[in-house]
Amino acid sequence: MPNTDRDLIAELADDLTRQSYSPVVVRNYCAYARDFLAHLARYEVPVTAVTPEDVAHFIRHAVANFRNRRDRPPGPHWHSIPRSGIHALLRLAQGQWPPEPDVVGSEVTLRQEICLKYETWLRDERGLARASIVALLAEARHFLVWQLDRGGAQGLKGLSVRDIDLYMDARAPGQRRVSLKDYAERLRSLLRYMYRTQYVASDLAAHVVSPTLYAYEGVPSILEPDQIAAVLEATKRDKSPMGRRDYAILLLLATYGLRSGEVRNLAIEDIDWRKESLRVRHSKTGACSHLPLLPTVGEALLAYLRHGRPKTDRREIFMRSRAPYRPLRNLHGEIHRRLLAAGVKPPGKSGPHIFRHARAVEMLRASVSQKIIGDVLGHRSTEATIPYLKLATEDLRAIALDVPGSEVLA
């Protein structure tokens, strides 16, 4: 632990530099960290005892000083600069920041107890994939916070059908029918578990009302081949590190129809340059596929690794273009930005999945069997591929047979 404020600022500068922050960012973060330490000294607060309220108090002072100096308020994102520098400082001084929230009250303890046991049951008893567990736990926390705030532990024990109806009504505004159906299914799972473990007195799972969805009723938006070509060409012209990264990502999405998580989880060791092979870990099934590394994809990946990827010890291929260098959390922002730059506006959603849909339709139009399409997309069963058939409805109409006798009716 540094002995003085000066030692702490020096350590902060070294730490930020090791993380490849630019010199300008290092200077700005250290300047605000130094101001924060002076602020703490005025109020006689040791840096090891700082709370989130202390940070908020300083930010308010910093905003007031900015306004006095420049006769205008700071921009909407200005706060992130001093806050980020202070958080980096506090991680060094306290070992962890933000601090773990204090557990206060029997309701909080009960909620955490249920969620912890529920997570163990979902993992060990039901054997669900991590993504499914995360979604089920998110709904469980949402429901338990809502119910425990209303009636406490006793209210949870005496949970009624009316409580369930009120919760679903509160969940409904602004949600799509498919989202509401997902929430209802996750809530049923929680209610069944809580009845089995006697957290609630009766089994209310059957009383959760959700919208009726018809099989494959939603046809997702897709990109036509000329639109994909336009997006790839526009992105290829961007020779910046971010451009090289996004071009490689778009090629993976368009060529193999990968899911967003499968692209984000690609690691250096997943590329076998000698065998020209690409190993993909499918995020939904947990299985692995070995796909041929096509020349255009390999060249784009190599260009990014050589001239675009920042220096880091992380094994994931695709990283943030700015420090701190860590793997991308999602691809939606990058994809949306590249679509806009190419002047491509899909009729529906504009995330990474539209390239997956387009790849499926391309294979359908090439008369590729449903089994092979499922294998390429990483589906566990052929039934999972059926929704993509709806994307080719116009192709099916084009080859539809005339109805006998229709010429007479005409």
(message) Can you give me the long-range amide H partners of Ala267? Hydrogens built in the peptide plane at 1.01 Å from N, cutoff under 5 Å, separation of 5 or more residues or another chain.
(response) Ile317
(request) Between Met319, Met363, Met242, find the one with the highest GNM mean-square fluctuation for the chain; connect C-alpha pairs within less than 10 Å. (result) Met363
(request) Pull out a ≥ b ≥ c, the square roots of the eigenvalues of the alpha-carbon gyration tensor of the chain, then state rounded if a/c is under 1.5, prolate if not and a/b is larger than b/c, and oblate in the remaining case. (result) oblate
(request) Enter the angle in degrees (range 0 to 90, nearest 10) between the Cα long axis of helix 5-18 and the first principal axis of the Cα atoms of the chain, meaning the one along which they spread out most. (result) 20
(message) Could you derive backbone 3J(HN,Hα) for the range 362-377 from the dihedral phi with the Karplus parameters 6.51, -1.76 and 1.60 (θ = phi - 60°), listing whole Hz in sequence and x where the residue is Gly or Pro?
(response) 4, 5, 4, 5, 8, 6, 6, 5, 4, 4, 5, 4, x, 5, 5, 7
(message) Given the -39500 (n - 2.57) contribution per DSSP H run of 4+ residues, what per-residue ellipticity at 222 nm results for the chain, rounded to the nearest 500 deg cm²/dmol?
(response) -18000 deg cm²/dmol
(message) I want the local charge near Arg123. Using Cβ-Cβ distances under 14 Å, sum +1 for each Lys or Arg and -1 for each Asp or Glu among the other residues.
(response) 0
(request) Give the calculated FRET efficiency between Ser22 and Ala287 to the nearest 0.05, with a Förster radius of 56 Å applied to their Cβ-Cβ distance. (result) 0.85
(message) Taking θ = phi - 60°, what integer Hz values does the Karplus form 6.51 cos²θ - 1.76 cosθ + 1.60 yield along the range 55-61, in sequence order, with x for Gly and Pro?
(response) 5, 4, 4, 5, 4, 4, 5
(request) Apply the Karplus parameterisation 6.51 cos²θ - 1.76 cosθ + 1.60, with θ equal to phi minus 60°, to every residue of the range 266-278 and state each ³J(HN,Hα) to the nearest whole Hz, in sequence, with x for glycine and proline. (result) 4, 10, 3, 6, 7, 9, 9, 5, 5, 8, 6, 10, 10
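If the only charges are +1 at each Lys and Arg Cβ and -1 at each Asp and Glu Cβ, what is the size of the charge dipole of the range 225-396 around the Cα centre, to the nearest 20 debye?
Details: 31 positive and 18 negative charges, 157 e Å.
Dipole of the range 225-396, to the nearest 20 debye: 760 debye.
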(request) Among Glu262, Glu334, Glu113, determine the one that fluctuates most according to a GNM of the chain built with springs between C-alpha atoms less than 10 Å apart. (result) Glu113
(request) Quick one: angle between helix 130-157 and the longest Cα principal axis of the chain, in degrees between 0 and 90, rounded to 10, please. (result) 60
(message) So, R0 is 45 Å and r is the distance between the beta-carbons of Thr4 and Val108; what FRET efficiency does that work out to, to 0.05?
(response) 0.70
(message) Between helix 241-256 and the chain, what is the angle of the helix's C-alpha long axis to the longest principal axis, kept within 0 to 90° and rounded to the nearest 10?
(response) 30
(request) Please find, in a Gaussian network model of the chain (springs between Cα atoms separated by less than 10 Å), the residue of Asn265, Asn68, Asn28 whose mean-square fluctuation is greatest. (result) Asn68
(request) Determine, for the chain, the count of lysine pairs separated by eight or more sequence positions (or lying on different chains) whose alpha-carbon distance falls under 24 Å. (result) 16
(request) Pop the C-beta distance of His336 and Glu233 into the FRET formula with R0 = 22 Å and round what comes out to the nearest 0.05. (result) 0.80
(request) Using amide H atoms built 1.01 Å from N in the peptide plane, name the residues 5+ places from His79, or on other chains, whose amide H lies under 5 Å from its own. (result) none
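Since every read-out is calculated from the coordinates, none of them should be taken as a lab result. In this text, all values refer to a predicted model and were calculated from it rather than measured experimentally. Heads up, the Cβs are rebuilt from the backbone with ideal geometry, glycines too, and the neighbour counts pull from every protein chain shown.
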